[in-house]
Amino acid sequence: MSARNTDIEKAAGVLRAGGLVAFPTETVYGLGANAEDPAAVTRIFETKGRPPSHPLIVHLGSVEQLADWVEEVPETARLLAEHFWPGPLTLVLRRGRRVPLEATGGLETVAVRVPDHPVALALLSAFGGGVTAPSANRFGSVSPTTADHVRAELGESVDFVLDGGPCAVGVESTIVDATGEELSVLRPGGVTREELEAVVGRPLAVPATSRVRVPGQHPSHYAPRARVVLVEPEKVIAEAEAAQELGHRVGVFLPAAFAGAPVAAHAVVAVPGAMDEYARELYGFLRELDQRGCDLIVASLPEERGLGLAIANRLRRAAGPRTVPSASAPSAAAGVPTGSAASVVPTASSLQEG
Ligand code: TXA
Ligand code: MG
């Protein structure tokens, strides 16, 4: 924990005064406001350029506070909260009266979590109330995993940035709809489906990671400036080199199985074989390839179990509708060789991110 006590006190004061504080969590940096101050909550949406209908997560300092923020705590929700908090799990429950509709995008449910980061917990404890916070990035772009990412992207529009070093998990929390006894995973994240199933003792539905429903209907999210193309791991090098030949500045996510192989491309990042390490580095890699001037990123999906599920979800969303390949209309017309990309179809889920 690198933020000093004086910084924590100052940040809590900014929240009390209706300001915005960017703070570290174990997943990504959040852009926080007093959850009970509608004007401050509205500023979050303005600062991110996020549509006001997209609900936010209320961050709390302890499991004990949960009952104050929701109408009821079903048995299974309590079990999950007690097992995983503090940690990268967000529970969607019925909204308590304390939560303004501005924070929930008008919904009668509210998303709540207790983050597992000493700086976040110190801030929440000093402030005392709930802090609504989306990821501290512009709407649709890549989430920040360092304080420098936040400063580079939001700069002066944030009143105070707490620096807690790089985030340990690196992808956002897992969101579980726990309003009823039938749970479903709305967004895969830092807590794996396997871990959840072990605690509840039965399989969970994961609708958000299913295959494409209506391609092209949703904007891409978690997206770098460069266009992202997904291909099978063994086709990454050939696809990258072909695009580079066509004049693209290609960034490559080189799968661990091909570590050290030479690639004739503009920039190469070596994908870690361990999924926890990959999750931690994922957004940094996307930012790095943008910074190095790549206009196209060629990547493949990891195996979709454990943290690989969340990583694949974010890569699909980064690839977004911009690169949805279709057998009848390959996007080669746009100068991007996606012949082999057609083998991996990005998912455009109904969940709106930001
Ligand atoms: O790890 C995280 O969850 C990070 C850190 C900062 O806590 N936060 C984060 O927030 O990723 P954001 O706003 O970028 O994503 C929140 C997601 C959105 O997809 C939103 O639609 C969903 O939570 N969400 C919030 N309230 C909801 C609700 N009542 N019902 C369904 N989904 C909800
Ligand atoms: Mg976000």
Residue by residue through segment 151-174, note down the ones that are surrounded by fewer than 22 Cβ atoms within 10 Å (Cβ to Cβ) and within 11 Å of Pro88 (Cα to Cα).
Ala168
Just need a number here: residues in segment 293-311 that are over 15 Å from Arg227 (Cβ atoms) and outside any helix (DSSP H, G or I).
8
In segment 26-40, which residue that is within 22 Å of Pro88 (Cα to Cα) and not polar (S, T, N, Q) is nearest to ligand 2 (Cβ to nearest atom)?
Val28
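Suppose the filter is touching a helix residue (DSSP H, G or I) at 6+ places or on another chain (Cβ under 7 Å) and within 11 Å of ligand 1 (Cβ to nearest atom); does Val114 pass it?
Numbers: touching a helix residue (DSSP H, G or I) at 6+ places or on another chain (Cβ under 7 Å): yes; within 11 Å of ligand 1 (Cβ to nearest atom): yes.
The answer is yes for Val114.
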Residue hits (segment 280-292; surrounded by 22 or more Cβ atoms within 10 Å (Cβ to Cβ) and assigned to a loop (DSSP other than H, G, I, E, B)) are none
Scope segment 15-57; condition under 21 Å from Thr146 (Cβ atoms) and out of contact with any Gly (no Cβ under 9 Å at 6 or more places or on another chain); matching residues:
Gly30, Leu31, Gly32, Thr47
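Only one of Thr27, Thr47, Thr42 is of a type outside the set (Gly, Ala, Ser) and surrounded by 24 or more Cβ atoms within 10 Å (Cβ to Cβ). Can you tell me which? Break it down into steps so the answer makes sense when it comes.
Numbers: Thr47 fails: surrounded by 24 or more Cβ atoms within 10 Å (Cβ to Cβ); Thr42 fails: surrounded by 24 or more Cβ atoms within 10 Å (Cβ to Cβ).
When all the criteria are applied, what remains is Thr27.
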Take segment 221-238 and flag every residue that is buried (at least 18 other Cβ atoms within 10 Å of the Cβ) and either within 22 Å of Gln291 (Cβ to Cβ) or free of Cβ contacts under 8 Å to residues at least 12 places away in the same chain (or both).
His221, Tyr222, Ala223, Pro224, Ala226, Arg227, Val228, Val229, Leu230, Val236
Scan segment 98-157 for residues that are assigned to a strand (DSSP E or B) and touching a residue at least 60 places away in the same chain (Cβ under 8 Å) and jot them down.
Thr109, Ala111, Arg113, Val131, Thr132, Ser135, Ser141
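Test His59 against the criterion of being under 18 Å from the mean Cα position of the chain (by Cα), modelled with pLDDT under 95 and not polar (S, T, N, Q), and give yes or no.
Working: under 18 Å from the mean Cα position of the chain (by Cα): yes; modelled with pLDDT under 95: no; not polar (S, T, N, Q): yes.
In short, no.
The values are calculated or read from the model by the stated rules, or taken from the named source; none is laboratory data. Fair warning: this is a prediction, and the values are worked out from it, not measured in the lab. Please note: Cβ atoms are built from the backbone with ideal geometry, for glycine as well, and neighbour counts cover all protein chains shown.
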